[in-house]
Amino acid sequence: MIDALAWFLVLEIAGIVALPWAWLLFRALPDRGLTLAKPAALLVFSYAVWVLGLGHILPNTQLTAWVVVLSAGSGSYWLVRRRWPELREFLKDNWALLLASELVFVFFFTLWAFVVSGSPAINHTEKPMDLMLLSAAYQAQFFPAEDSWLSGHSISYYHFGHIIIAFTAKLSGVVTSVGYNLGIVTVAAVAGSVALGLVYNLVRVTGGSAKRSIATGIAAPPLILLAGNLAGVLEFIRLRGWGGDGFWDWIAIKGLDPISGTGTVFPADFWWWFRSTRIIDTLDETGNSLDYTITEFPVFSFILGDLHAHVLAIPFLLMAVAATLCVYLSSGRLGMSWLRSDPAPALFLALSGGALAFINFWDFPTFLGLLAGALFLKGCRDYPESLLQSANAAVSVFLPLLVLSVVLFLPFHLTAYSGQTSGVLPLQEVATRPFLLFIVLGPFIVLSIVFLARKLLRTCRPEINDVPLAATALVVAVLPLGVWVATGFLFQLATDGGSAALADLGRRMTLAVPGAMIVAVAGYLAMASARRGQTPGVPFVLLTMALAFYLLIGAELFHIVDSFGGAWRRMNTVFKFYYQAWLLLGIVAVISLGALRPIRLGSNSSTPWTRNAAATGKLAGVAALAILLAASFYYTAGAMLDRSSAPPGARTLDGLAFLKKASPGEYEAIAWLRDEAEPGRIVEAVGDDYSEYGRISAATGMATPLGWKGHELQWRGSHEPFAGREEDVDAIYSGNDPAEARRLLEHYEVRYVYLGSREQQKYGVSSLPEYGEFLKTAFHRDNVTVYELQPEQFLE
């Protein structure tokens, strides 16, 4: 409770410090950045610490973190004194929004602190990897941080989100094993308040009242961040024993086989809620996967508790969308003069967008697509007489922002990330079944199409000068299909013949063609609305919708070439882009839900029969939609109950607390190395990924010669950086040649040698007596010993 309270207070302080600057920076938004202060503070303050560390100006310490916050606070104090009458009036007029935002933040913080405390252990999936990244960022004296699983090398992975959580841990004085779980809590809570604010701003600029905008905004966090996919419906059907073998064979989702009805409300099998992320999977006749994909969504990520890059990016992607909306709504005419006259919003937009590449690189292309589209729509509004002039104005702003977003994080791009991808290839043989897409995103897709249909029905008759807009929207929408036909289809036609090529074409077009039609219509309506100067929120929502469907089309036509292949070849493509599509379509879905109104029929053309039919149809539609939305939360309720249950007194936020009983000596050794020992590198046993190996370096942030080698291979694309290291570690522990062990310890600049149960089991040693002349026992508890190299042996 003390750690959680300290963490909460730090977030509130950071938000208060940033609030006056946000109010000034986001003046084009109706909420003036009230709901963006916390994520903006975390981003800017962490960026300042990172830059200071890169330049070796100030070390990465708690003192430096507070110097940054207090320096910003002094500027905030000056700004408040200078603009207090305006700020006070604004807060007085918008107290309801501020209260709603804080209530959402507190609710999500409390809810997820409760859920996480029921299953806090950092001992499964890729949690140890995320703890390693967090610990490395926390313990780094300067940046770039050293890779704790490959000593002597900086981290080769996007990890700015972990730096942000480490910064918060520094401020609050919380250790990383607790900060890890509070990081999950922070992402959920901050994302909730940002989602509320983003939707509030969109509804407000479409003409909604403050009351209606707040009400719609409050619906955003639960729908976007708490709703599950419709796999829960299938779980419920299975529990009831409904459906025969034929039905479940047609469903074809692994693990969902027919069973006798259990009569229980929720499934009881271990981690049943995990199946919801393995929905899209093409199976062969024997049930083997041809298309193994991952279909995560926010509430699953929070429940699982992996502090992955795509999870950490959620609030910052939403903030980048809001920052893009702010630029889109700005009053100045688009062009280079706009950049010169109002540089602050442009600078923050570049910072927030560039940070996405460092937090989760996969979000960066999506941000660029949204930015390009928003600037073009603003160009259409500013220069309605010329489509070419609109495009030129958009390009003149987009390119400098793109360059700046890269330059601001250039050290990361140059040195920290070698990348896992090597290109893009057309997707062949496998395709997403429409039914399974509906299971993953059904409610959001339905609500988005309802929104599009309403805007289409209410659009004025097209004018002759709308033809270029329609042509542009159509070309952009069908471009991916054309590229796929020119590559994938023609290649298969040449290699496998016409029948196979046409069959694959049919599979591909089943979803790609309807998706392209939606993109084309949404794109046209967005441009036409912007050109005619209609309410500015509508074009932006349509752009968001078009981009989301564009991502879904892309995952049907192409796949990123990475270290995974075979049945895994589009795993990351679906994983990352579906996640972003969820967030974008979630925004549209909430807007659509808040805009639902009764259908009004003209009195001259309608009859009692048509009025009754319309009313019945609307009632049926609303009922179906309500059922879909309610069904989405069945999964959430069951999964949260499963993960939040804990025996009385067993709740904790310490992700390593499970070691207190399982291996108390190891727990105390980690605490000593992390909190009391002098800085230095460590050596521990090398073993398989997804195991207990690498735990000491991951938990302490002390670099070891080699940790999870499979992940290092993914991050670096080659065995070369760690070739021979596993054999060197074997030689250190073997005890056969003390002189060679000493040489290796000095070569890797190791200060501590860890000897615990894994080392004893793997290397068959219970102590290292042969090394007594240059190693001394620095720590010993139970079966764990930590040796320290004698000080005179350290390399300077």
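Remarks
- Between residue 410 and residue 114, the contour length at 0.36 nm per residue exceeds the alpha carbon distance by 102.7 nm.
- Relative contact order (%) - criterion: Cα under 8 Å, at least six apart; region: region 117-223: 19
- Degrees, to the nearest 10: 664-675 long Cα axis against longest axis of the chain: 80
- Of the listed residues 361, 297, the order by accessible area with a 1.4 Å probe, largest first, is 361, 297.
- Heavy-atom accessible area per residue - region 633-707, 1.4 Å, Å²: 39
- Equivalent ellipsoid, region 246-309 (semi-axes from 5 times Cα gyration tensor eigenvalues, Å): 23, 19, 8
- Percent accessible area from carbon and sulfur atoms, the chain, protein chains only, probe 1.4 Å: 64
- Among beta bridges that DSSP assigns inside the chain, antiparallel share in %, nearest 5: 85
- Using heavy atoms of the protein chains and a probe of 1.4 Å, the accessible area assigned to residue 114 is about 100 Å².
- For region 714-785, the relative contact order works out to 28 percent when only alpha carbon pairs closer than 8 Å and six or more residues apart are counted.
- Cα-centre dipole for the chain with unit charges at Cβ (Lys and Arg positive, Asp and Glu negative), debye to 20: 4380
- Total charge dipole magnitude, region 1-85, about the Cα centre, Cβ charges on Lys, Arg, Asp, Glu only, Debye to nearest 20: 420
- Computed helical MRE - 222 nm, the chain, DSSP H runs ≥ 4 contributing -39500 (n - 2.57), nearest 500: -20500 deg cm²/dmol
- Across 38/618; 661/762; 92/618; 576/709; 254/660, pairs whose alpha-carbon gap is larger than 32 Å: 38/618; 92/618; 254/660
- Rounded to 10°, Cα long-axis angle of helix 314-329 versus longest principal axis of the chain: 40
- Distance between the pseudo-spin-label points of residue 84 and residue 123 (7 Å out from Cα toward the beta carbon): 5.5 nm.
- The chain, Rg to Rh (Cα coordinates; Rh as Kirkwood inverse mean 1/r): 0.98
- Taking amide H as placed 1.01 Å from N in the peptide plane, residue 779 has its amide H under 5 Å from the amide H of 786, each at least 5 places away in sequence or on another chain.
- Solvent-accessible area per residue in region 135-247 equals 23 Å², computed with a 1.4 angstrom probe and all protein chains kept.
- Based on Cα contacts under 8 Å between residues 6+ apart, the chain shows a relative contact order of 18 percent.
- The gain in end-to-end length when the residue 627 to residue 483 segment is fully stretched comes to 47.9 nm, 0.36 nm per residue minus the alpha carbon separation.
- Of 773, 740, the residue with the largest accessible area leads and the full order is 773, 740 (1.4 Å probe).
- Each label point was placed 7 Å from the Cα along the Cα-to-Cβ direction; for residue 344 and residue 517 their separation is 4.8 nm.
- Legend: Rg and Dmax of region 441-557, from Cα coordinates, 16.3, 52 Å.
- A 1.4 Å probe over all protein chains sorts 147, 342 by accessible area into 342, 147, starting with the largest.
- Relative to the longest principal axis of the Cα atoms of the chain, the long axis of helix 62-93 makes an angle of roughly 20 degrees.
- Per residue accessible area of region 299-394, 1.4 Å probe, in Å²: 24
The values are calculated or read from the model by the stated rules, or taken from the named source; none is laboratory data. Since the model is a prediction, treat every value here as computed from it, not as a measurement. With ideal geometry, Cβ positions are generated from the backbone for all residues, glycine too; neighbour counts draw on all protein chains shown. Remember, those area values only see protein heavy atoms, side chains included, never the ligands or the DNA or RNA. Shrake-Rupley method; radii C 1.70, N 1.55, O 1.52, S 1.80 Å.
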